[in-house]
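The values are calculated or read from the model by the stated rules, or taken from the named source; none is laboratory data. Just so you know, these numbers come straight off a predicted model, no measurement behind them. Here the Cβ positions follow ideal geometry from the backbone for every residue, glycine too, while neighbour counts run over all protein chains shown.
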Amino acid sequence: MRKISYLLLCFLFISQVHAQELGKVTFKNAHAFGYSMGVGASEGAVAIDWSHVHGLGKKNQRFKIGYGFRFSSYLGSNQDFTTAPALLTSKEEGPQILFSETYDENIDTLSFSSAQVNTLNIAIHLNYSLTPKLDIGFNIDAIGFSFGGTRTGTFTASPQTYATQQKAKPAAFNLLLVSDNDIGSLNSEIFARYWLSKKWAVKAGAMFLFTEYTTENTLTFDNDRFRNKSFLLILGTSFKPFNK
């Protein structure tokens with residue numbers, strides 16, 4: 001316990017020393033371009049983004065909040081997409097859905113041998129600088145659109161009494177709400193990032209990606225929306241072109 005306390009004190013001391021070097025966020029150094037590659041079980045994704053952040057506080061602007069654009073491309077094989085609307089999965093809507101149970105009897109499945117979804121979304125960015133070289137971050141898509149080719153999948157109703165072939169395409173509109181209230185395909189990342197120089201950084205973390213297909217036909221429960229939730233490990237880079 002004493003060792004842990006000592007390490008925490010050392011960390012806080014070092015953080016405060018480095019904080020004097022953080023400085024303010026300027027218009028130019030607030031621009032960043034990023035690339036992420038995520039890998040999971042029989043699935044993967046790449047994302048390219050631009051962001052602009054604003055430092056909070058007058059002196060050492062450790063915390064930054066901003067906005068940006070992100071293009072994501074998802075590819076998966078033998079993936080199951082399940083009933084998406086919150087009113088079916090949880091029998092309610094709104095923020096309380098975070099604490100609601102899932103009703104399995106309402107969950108149908110649409111399985112694809114190959115799925116591919118592209119998104120272009122406006123994203124929200126949050127960063128916190130631990131030291132001048134090390135920061136942690138979180139970002140999440142807020143609104144945008146998706147596109148991709150039509151796929152034919154195997155639809156299985158619940159209870160599993162029959163299966164049919166159904167055509168579907170990526171949901172066109174994306175909107176961040178809360179959990180299963182979300183609409184369409186949305187990407188989010190949590191990461192740690194280390195700046196090798198004033199312009200270049202490497203990052204590692206996790207990607208949580210919602211992808212959604214809409215079937216041509218309305219199926220059981222008057223539903224045509226099916227969602228896949230992917231957890232991917234990521235590696236990536238960041239680039240600040242205007243830093244000197």
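What to note about this one:
- Contact map, region 89-102: residues that are surrounded by 15 or more Cβ atoms within 10 Å (Cβ to Cβ) paired with residues that are in a helix (DSSP H, G or I) and charged (D, E, K, R), Cβ distance under 8 Å, separation 6+ or inter-chain. Pairs shown: T89/D180; S90/D180; I97/D180.
- Of all residues in region 204-244, exactly one satisfies the criterion of being among the aliphatic types (A, V, I, L, M) and either under 26 Å from P159 (Cβ atoms) or more than 20 Å from the chain's Cα centre (by Cα) (or both), namely L219.
- Test: residue in region 206-229 that is touching an Asp or Glu at 6+ places or on another chain (Cβ under 6 Å) and of a type in the set (G, A, S): no
- Restricting attention to region 154-175, the residues being of a type in the set (V, I, T), part of a strand (DSSP E or B) and over 15 Å from N228 (Cβ atoms) number 1.
- Output for region 118-153, where each listed residue is within 26 Å of H31 (Cβ to Cβ), hydroxyl-bearing (S, T, Y) and in a loop (DSSP other than H, G, I, E, B): T131
- On the stretch given as region 26-84, residues that are within 16 Å of the chain's Cα centre (by Cα), crowded, with 20+ Cβ neighbours inside 10 Å and polar (S, T, N, Q) total 3.
- Among the residues of region 82-104, the ones that are at pLDDT 90 or above and assigned to a helix (DSSP H, G or I) come to 4 in all.
- Within region 151-168, the set of residues being in contact with an Asp or Glu (Cβ under 8 Å, 6 or more places away or on another chain) and either closer than 17 Å to P85 by Cα or exposed (fewer than 15 other Cβ atoms within 10 Å of the Cβ) (or both) comprises F155, T156, A157, S158, P159, K167, A168.
- Any hit, region 114-131, residues being surrounded by fewer than 18 Cβ atoms within 10 Å (Cβ to Cβ), modelled with pLDDT under 95 and among the β-branched types (V, I, T): yes
- Among residues of region 192-239, those that are surrounded by fewer than 19 Cβ atoms within 10 Å (Cβ to Cβ) and over 25 Å from G148 (Cβ atoms), counted: 11
- Some residue of region 125-141 being touching a residue at least 60 places away in the same chain (Cβ under 8 Å) and closer than 16 Å to Y74 by Cβ: yes
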